[in-house]
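Novice: Got a structure here, written out as structure tokens. Questions coming.
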Amino acid sequence: MRKGQSILVLAEQFPANYYPWHRLAGENGAALKIVPWPDDDDWTSAVLDALTDEVAIAALPNVHWTSGGRLDLVRIGKACRKTGAALALDLTQSLGALDFCVDDVQPDFAVAATYKWLLGPYSVGVLYVAPKWHHGSPLEEGWIQRANSDDFSSLILYSDEYDSGARRFDMSERSNFGLLPAALRAITQILEWKVVQISETCGAMNRRLAEAAAELGFSAPAEPLRAPHYLCLRRKTAIPRELTEMLASEKVFVSVRGSSIRVTPHVYNTVEDCDRLIACLRRVA
């Protein structure tokens, strides 16, 4: 980062993908460039318009967490390579329920917590680091990231070398015997179900919900502009504070995120679940 450059983020971006960039910009005399919520819900076009030459880093999600809007990361990745901006992705709201291909997008970094769509435990995440950054400085200097750390008899022979590939970026105590088996089993299950089928299943339920909610005065991004597994319903009048409690009393669980009701069914949900949600929304419409 240099003075006068900027880091591109979205309006209402998840805080974990905002605060680090806010600090980095401040430390280097750079600025945060915030893409406003587009009137047409087309986040991809809004990002592409904002990717000017002074943008050093584009820190983006695949799915915007308060709108459900989907970003075309293949197009955005191509534009970043053209302008020279690094692309750092937070895939927590999508990985495991929306197809993603590293080879097509070519990000510099991509990270996801496993507790969302990867169906795993808290405190575990996955990280992709492009090969050109494999010689970078890690966030922490744990012993296990060093070369030959599997040879316990030699740990006191301190090494300036890191383990191969992107392992230098691993967390300390990466050999977590309580959490990693759960994360691995969850990922195995997702691969058995297939991400495309998960996406299509959730998409069919959200399509039904979006159409019914529209009749009650709620709006969502048009289907081509939103992620199939992720529906955010908005309306002009405020969402009642007691809505989530009322829904929970009917065994319907959703989240209010910003100005939206976030609805994220998974493969265990049914059409009947969707109908119950709509019946509840009808009472507050």
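Novice: Kindly report the accessible area of the stretch 8-109 per residue (heavy atoms of protein chains, probe 1.4 Å, no ligands, DNA or RNA), in Å².
Specialist: On the way: 4390 Å² over 102 residues.
Solvent-accessible surface per residue comes out at 43 Å².
Novice: Moving on. Give the peptides 158-164, 27-33, 8-14 in descending order of average Cβ contacts within 10 Å, highest first.
Specialist: Values: 158-164: 11.9, 27-33: 15.1, 8-14: 20.9.
For the peptides 158-164, 27-33, 8-14, the packing ranking is 8-14, 27-33, 158-164.
Novice: Could you tell me the calculated FRET efficiency between SER159 and GLN106, based on Cβ-Cβ distance and R0 = 45 angstrom, to the nearest 0.05?
Specialist: Numbers: r = 31 Å, r/R0 = 0.70.
The value I calculate is 0.90.
Novice: For LYS116, what is the net charge nearby, where nearby means another residue's Cβ is under 14 Å from its Cβ and Lys, Arg count +1, Asp, Glu -1?
Specialist: +1
Novice: Report, to the nearest whole %, how much of the accessible area of the stretch 27-83 belongs to carbon and sulfur atoms, 1.4 Å probe, protein only. Don't skip to the end; give the middle numbers.
Specialist: Details: 1220 of 2480 Å².
Carbon and sulfur: 49 percent of the exposed surface of the stretch 27-83.
Novice: Rounded if a/c is under 1.5, else prolate if a/b beats b/c, else oblate: with a ≥ b ≥ c from the C-alpha gyration tensor eigenvalues square-rooted, which is the stretch 84-148? Present the calculation step by step, with values, prior to reporting the outcome.
Specialist: Numbers: a/c = 2.41, a/b = 1.19, b/c = 2.02.
Oblate.
Novice: Please compute the modelled spin-label separation between LEU184 and TYR268, points set 7 Å along Cα→Cβ, answer in nm with one decimal.
Specialist: Computed distance between label sites TYR268 and LEU184 equals 2.3 nm.
Novice: When the accessible area of the stretch 100-232 is computed with all protein chains present and a 1.4 Å probe, what percentage of it is carbon and sulfur?
Specialist: Details: 4570 of 8060 Å².
Of the solvent-accessible surface of the stretch 100-232, carbon and sulfur hold 57 percent.
Novice: In whole Hz, with x marking every Gly and Pro, tabulate ³J(HN,Hα) for the stretch 65-72 from phi via Karplus 6.51 cos²θ - 1.76 cosθ + 1.60, θ = phi - 60°.
Specialist: After applying 6.51 cos²θ - 1.76 cosθ + 1.60, I find 6, 10, 10, x, x, 9, 9, 7 Hz.
Novice: Same structure again: Quickly rank 208-217, 173-182 as a protection proxy: mean count of other C-beta atoms within 10 Å, highest first.
Specialist: On the way: 208-217: 16.0, 173-182: 11.6.
For the peptides 208-217, 173-182, the packing ranking is 208-217, 173-182.
Novice: Another question, if that's okay. Under 8 Å for C-alpha pairs, at least 6 residues apart: give me the relative contact order for the chain, rounded to a whole percent.
Specialist: Values: 462 pairs, mean separation 42.8, N = 285.
RCO, the chain: 15 percent.
Novice: Taking the Cβ-Cβ separation of TRP133 and ARG208 as r and a Förster radius of 35 Å, what is the calculated FRET efficiency to the nearest 0.05? Before the final figure, lay out the partial values.
Specialist: On the way: r = 43 Å, r/R0 = 1.22.
With R0 = 35 Å, the Cβ-Cβ based efficiency is 0.25.
Novice: Assign one of three labels to the stretch 96-193, namely rounded, prolate or oblate, based on the Cα gyration tensor with a ≥ b ≥ c the square roots of its eigenvalues; rounded applies when a/c is under 1.5, prolate when it is not and a/b is larger than b/c, and oblate otherwise. Mind dumping the intermediate values first?
Specialist: Values: a/c = 2.69, a/b = 1.47, b/c = 1.83.
Here the stretch 96-193 falls in the oblate category.
Novice: Considering the dipole of the chain built from charges on the beta carbon (Lys and Arg +1, Asp and Glu -1) around the Cα centre, which of TYR158, ILE7, LEU277 is farthest to its positive end?
Specialist: LEU277
Novice: On to the next question. List the residues, sorted by chain then number, that are 5 or more residues from VAL256 or on another chain and whose placed amide H is less than 5 Å from its amide H.
Specialist: It is ARG262, by chain and number.
Novice: In addition: So what's Rg/Rh here for the chain, counting alpha carbon atoms and using the Kirkwood radius for Rh? Spell out each step's value before the answer.
Specialist: On the way: Rg = 21.0 Å, Rh = 20.8 Å.
The Rg/Rh ratio comes out at 1.01.
Novice: Using Cα pairs closer than 8 Å and at least 6 residues apart in sequence, work out the relative contact order for the stretch 121-191, in percent.
Specialist: Details: 54 pairs, mean separation 27.1, N = 71.
About 38 percent, as a whole number.
Novice: If you don't mind, there's one more thing I want to ask. Which of rounded, prolate or oblate describes the stretch 1-66 when judged by the alpha-carbon gyration tensor and an a/c cut-off of 1.5? Let's see the in-between values first.
Specialist: Numbers: a/c = 2.61, a/b = 1.47, b/c = 1.78.
Note, shape of the stretch 1-66 comes out oblate.
The values are calculated or read from the model by the stated rules, or taken from the named source; none is laboratory data. All values derive from a computational prediction rather than experimental measurement. All Cβ positions, glycine included, derive from the backbone under ideal geometry; neighbour counts span all protein chains shown. What goes into the accessible areas is simple: the full protein's heavy atoms, side chains included, and nothing from ligands, DNA or RNA. Shrake-Rupley method; radii C 1.70, N 1.55, O 1.52, S 1.80 Å.
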